[in-house]
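Presented below is the structure to which this report refers.
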Amino acid sequence: TNADFLLSFNKEVSQDVSLAISVGGNAMRRRYNLSDVSAPQLTVPGIYSLNNSRVALDYYSFDSEKRINSLYSFAQIGFRDYLFLELTARNDWSSTLPSNNWSYFYPSASLSAIVSDIFDITTGPLSFAKVRVGVAAVGNDTDPYQLISTYRALTPAQGLPTYSESDVIQNFNLKPEQSQSFEAGAELRFLGDRIGVDFTYYQTRSENQIL
């Protein structure tokens, strides 16, 4: 279940400068329920019914819930339709992380320029040229029940419910995963847009990865 809101503002500040700003938020709720009952062996072959089990039925159930609240913003400043600056910012609060680390912020900034318009290139083989550069950060959380061990309901033994603890040692001091990236590129078109080349270089560094 997602609930969103978004407020947007667009304005021509002057004959040369345009401005677009958006501010929004999201509240996400995810609930997962699983109940599984199976017959390991059949008394009469070919009759697929729980009443036809030759041995005790297997039971398994799992419930989880996850919540993320987010606030985000976006801004674009344009100059004469050939120079653009874009800025974004987002903050998430995740229920799957420890209370002292459940908030994580990640921004981005990018600058692009249409070089062919800046220098008014109208003749020659080059018909369009655009360059761009940007830096960005991305945050990430984890799945439910990764902080402390929980019990799983298993097949009853002699009519009594049984539970099993996870065989994975959980980490109560998890931090949100953070990735920082740098990107630069160029887009070139020649001979009236008949031939095009798009080049991109990027590098990403991740910290506190949750594996």
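Name the single residue that is nearest to the chain's Cα centre (by Cα) among those in segment 49-65 being surrounded by 12 or more Cβ atoms within 10 Å (Cβ to Cβ) and of a type in the set (A, V, I, L, M, F, W, C).
Among residues in segment 49-65 that are surrounded by 12 or more Cβ atoms within 10 Å (Cβ to Cβ) and of a type in the set (A, V, I, L, M, F, W, C), the one nearest to the chain's Cα centre (by Cα) is Phe62.
Looking at (1) of a type in the set (A, V, I, L, M); (2) part of a strand (DSSP E or B); (3) more than 18 Å from Gly25 (Cβ to Cβ), which is the only condition Val44 fails?
(2)
Could you run through segment 4-47 and say how many residues are farther than 30 Å from Pro156 by Cβ, among the small types (Gly, Ala, Ser) and open to solvent by less than 60 Å² (accessible area, probe 1.4 Å)?
The qualifying residues number 7.
Give the residues of segment 172-211 that are charged (D, E, K, R) and either at pLDDT below 95 or not in a loop (DSSP other than H, G, I, E, B) (or both), sorted by residue number.
Residues satisfying the conditions are Glu177, Glu183, Glu187, Arg189, Asp193, Arg194, Asp198, Arg205, Glu207.
In the list Ile114, Ile68, which residue meets the criterion of being within 24 Å of Phe5 (Cα to Cα), in contact (Cβ under 8 Å) with a residue 12 or more places away in the chain and open to solvent by less than 60 Å² (accessible area, probe 1.4 Å)?
Step by step, each of Ile114, Ile68 is checked, and only Ile68 is within 24 Å of Phe5 (Cα to Cα), in contact (Cβ under 8 Å) with a residue 12 or more places away in the chain and open to solvent by less than 60 Å² (accessible area, probe 1.4 Å).
How many residues, within segment 1-46, are at pLDDT 95 or above, farther than 30 Å from Gln76 by Cα, of a type in the set (A, V, I, L, M) and out of contact with any helix residue (DSSP H, G or I) (no Cβ under 9 Å at 6 or more places or on another chain)?
Here the count works out to 0.
Residues to consider are Thr96, Thr122; find the one that is of a type outside the set (Lys, Arg) and surrounded by 14 or more Cβ atoms within 10 Å (Cβ to Cβ).
Thr96
Go over the candidates Ser99, Ser35 one by one and state the one that is of a type outside the set (Asp, Glu), within 35 Å of the chain's Cα centre (by Cα) and in a strand (DSSP E or B).
Exactly one of Ser99, Ser35 is of a type outside the set (Asp, Glu), within 35 Å of the chain's Cα centre (by Cα) and in a strand (DSSP E or B), namely Ser35.
Out of segment 130-148, which residues are over 23 Å from the mean Cα position of the chain (by Cα) and touching a residue at least 60 places away in the same chain (Cβ under 8 Å)?
The answer is none; no residue qualifies.
The values are calculated or read from the model by the stated rules, or taken from the named source; none is laboratory data. If you're wondering where the values come from, they're calculated on a predicted model, not measured in any experiment. Here Cβ is always computed from backbone atoms with ideal geometry, including for glycine, and neighbour counts include all displayed protein chains. Remember, those area values only see protein heavy atoms, side chains included, never the ligands or the DNA or RNA. Shrake-Rupley method; radii C 1.70, N 1.55, O 1.52, S 1.80 Å.
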